[in-house]
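K.L.:
First the structure, then my questions, so here it is.
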Amino acid sequence: MLISVIIPFYNTRECVRPLYDRLLTTLNRSGWQFELICVDDKSPQKDWEVIEDLAQADKRVKLVRLVRNFGQQAAISAGLAKSCGDWVVVMDADLQDKPEEIPNLLHKAMEGYNIVFALRGRRKDTWLKKLYSWMFHRMFKLLSGMETDTRIGNFGVYSRKVINAFLTLKEGFRGFNMLVSWLGFDYTCIDVDHQERIIGKSSYTFKKGLLLAMDAFVAFSDTPLKLTALSGFILAFISMLVGIIFLIRFFLGYTLLLGWTSLILSIWFLSGVIIMIMGIIGLYLGKIFAETKNRPHYLIDYTINIDE
Ligand code: UDP
Ligand code: MG
């Protein structure tokens with residue numbers, strides 16, 4: 001039985017060796033065969049240099065170097081496509097996901113689950129990150145109807161069946177744990193210890209996180225489009241009623257003194273609403289445009305220790 005561990009690296013150079021040492025200790029003790037698929041997502045800190053050194057000495061360390069920075073989710077996809085393990089572990093490189101938890105996850109999976117998610121009961125991220133995450137999950141549930149959990153990240157164990165199914169998904173949005181949840185395989189969760197980030201800091205800026213969240217909304221839900229259509233309908237209906245009232249008053253001979261303020265306010269308000277609606281439609285149109293181009297999710301520069 002072969003275990004593949006997929007790890008995307010981006011600005012985590014200092015973590016490479018400690019992570020490797022801890023993975024080795026844990027996995028050697030368990031007695032399973034394993035491969036470590038390290039994806040260098042064009043890390044500015046040149047993480048690949050350290051990974052290459054490890055790969056020279058240990059053939060189980062495999063490097064996939066991407067041409068440019070494609071983002072964590074695309075990097076995970078790249079690693080998965082190169083993996084051949086019967087079970088696949090996906091984890092972060094920054095030591096926030098503890099390698100020591102992997103045997104627990106695997107033992108649970110072997111009880112008969114296709115997916116075992118690591119549940120971070122006490123998430124050791126900044127309070128701001130936890131707040132954004134909470135807001136995202138609330139909003140996501142509202143829009144898509146899908147139940148997600150802020151305590152679940154990418155860390156977990158996945159069977160070959162799940163990974164093969166995941167790899168058939170060709171859409172541009174690569175959010176791993178969300179797409180895996182969508183697949184619908186039986187899953188379970190186990191509590192794991194989550195670590196604070198000790199070396200370096202999160203590479204997710206507010207902007208990067210927001211863009212990812214918007215991608216997820218658009219990928220999983222067309223509720224915003226339905227809401228815009230509904231709001232347009234409600235507005236049209238109300239104005240029709242008001243129009244009828246004004247017409248009746250006109251024919252009954254009431255002189256109407258229309259105020260400039262109400263006129264200008266309604267013009268600005270409605271224009272704002274229209275522009276917002278066009279923006280929402282534009283978001284979806286942009287995604288359709290991107291999908292029709294059918295560009296690859298990532299491009300590989302070269303690999304080491306991977307047989308094609
Ligand atoms: N990562 C990546 N590409 C990026 C950003 C991040 O491959 O453009 C990887 C990074 O190496 C790490 C994981 O994604 O293994 C999580 O990154 P980070 O710790 O910055 O995010 P957070 O833990 O704050 O979600
Ligand atoms: Mg992190």
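Quick note: the coordinates plus some simple rules give every number you see, no bench work behind them. Here the structure is a predicted model, which means the values were calculated and not measured. For neighbour counting, all protein chains shown are included, and Cβ atoms are generated from backbone atoms with ideal geometry for every residue, glycine included.
K.L.:
Step through the residues of the stretch 63-70 one at a time and calculate ³J(HN,Hα) from phi using the Karplus curve (6.51 cos²θ - 1.76 cosθ + 1.60, θ = phi - 60°), rounding each to whole Hz and writing x for Gly and Pro.
P.N.:
10, 10, 9, 7, 5, 9, 6, 9
K.L.:
If you don't mind, there's one more thing I want to ask. Compare the Cα positions of T25, L36, Q56 along the charge dipole of the stretch 1-57 (+1 at Cβ of Lys, Arg; -1 at Cβ of Asp, Glu; about the Cα centre) and return the one farthest towards the positive end.
P.N.:
Checked the options; the winner is T25.
K.L.:
Can you give the log10 of the normalised intensity I(q)/I(0) at q = 0.20 Å⁻¹, computed with Debye over equal Cα scatterers of the stretch 65-156?
P.N.:
-1.21
K.L.:
Can you give the convex hull volume per residue for the Cα atoms of the chain, as a whole number of Å³? It would help to have the intermediate numbers written out before the result.
P.N.:
Numbers: hull volume 49.6 nm³, N = 308.
Given the Cα convex hull of the chain, per-residue volume reads 161 Å³.
K.L.:
For the stretch 130-175, take N as its residue count and report Rg(C-alpha) divided by 2.2 N^0.38 Å. Each step should come with its number before you reach the end.
P.N.:
On the way: Rg = 13.0 Å, N = 46, 2.2 N^0.38 = 9.4 Å.
Against the compact-globule rule of thumb, the ratio is 1.38.
K.L.:
For the stretch 1-61, go through all pairs of different Cα atoms, get the mean of 1/r, take its inverse, and jot down that Kirkwood value in Å.
P.N.:
Result for the stretch 1-61, one decimal place: 11.8 Å.
K.L.:
Where the Cα atoms of the stretch 54-95 are projected onto their three principal axes, how long is each span, largest first, in whole Å?
P.N.:
Largest first, the stretch 54-95 extends 27, 24, 23 Å along its Cα principal axes.
K.L.:
Related question: Checking understanding here: applying a Kyte-Doolittle mean of at least 1.6 and a length along the axis of at least 24 Å (C-alpha), which whole DSSP H helices in the chain pass?
P.N.:
Values: long enough: 13-30 (26 Å, -0.65); 127-144 (25 Å, 0.03); 223-251 (42 Å, 1.90); 260-293 (48 Å, 1.49).
Within the chain the helices that satisfy the rule are 223-251.
K.L.:
Give the Rg/Rh ratio for the stretch 1-149, taking Rg as the radius of gyration of the Cα atoms and Rh as the Kirkwood radius, to two decimals.
P.N.:
Working: Rg = 16.2 Å, Rh = 16.5 Å.
Rg/Rh: 0.98.
K.L.:
Oh, and also: Would you mind computing Rg(Cα) / (2.2 N^0.38 Å) for the stretch 239-308, counting N as its residues? Walk me through the intermediate numbers first.
P.N.:
Details: Rg = 26.9 Å, N = 70, 2.2 N^0.38 = 11.1 Å.
Ratio of Cα Rg to 2.2 N^0.38 Å: 2.44.
K.L.:
Still on this structure, please answer the following. Please state the charge dipole magnitude for the chain, taken about the Cα centre, from unit charges on C-beta atoms (+1 on K and R, -1 on D and E), reported in debye and rounded to the nearest 20. The partial results should precede the final answer.
P.N.:
Working: 36 positive and 31 negative charges, 173 e Å.
Taking the Cα centre of the chain as origin, the dipole is about 840 debye.
K.L.:
Per residue, how much space in cubic angstrom lies within the convex hull of the C-alpha atoms of the stretch 128-250? Mind showing how you got there, number by number?
P.N.:
Working: hull volume 21.1 nm³, N = 123.
Dividing the Cα hull volume of the stretch 128-250 by its residues yields 172 Å³.
K.L.:
Compute the normalised compactness of the stretch 188-290: alpha-carbon radius of gyration over 2.2 N^0.38 Å, N being the residue count. Present the calculation step by step, with values, prior to reporting the outcome.
P.N.:
Values: Rg = 23.6 Å, N = 103, 2.2 N^0.38 = 12.8 Å.
Compared with the compact-globule rule of thumb, the stretch 188-290 sits at 1.85.
K.L.:
A further question on this structure: State the Cα centre-to-centre distance between the stretch 156-233 and the stretch 1-50 in whole Å.
P.N.:
Cα centroid to Cα centroid, the span is 23 Å.
K.L.:
Add -39500 (n - 2.57) for each DSSP H run of 4 or more in the chain, then divide by its residues: what number comes out at 222 nm, to the nearest 500 deg cm²/dmol?
P.N.:
-17500 deg cm²/dmol
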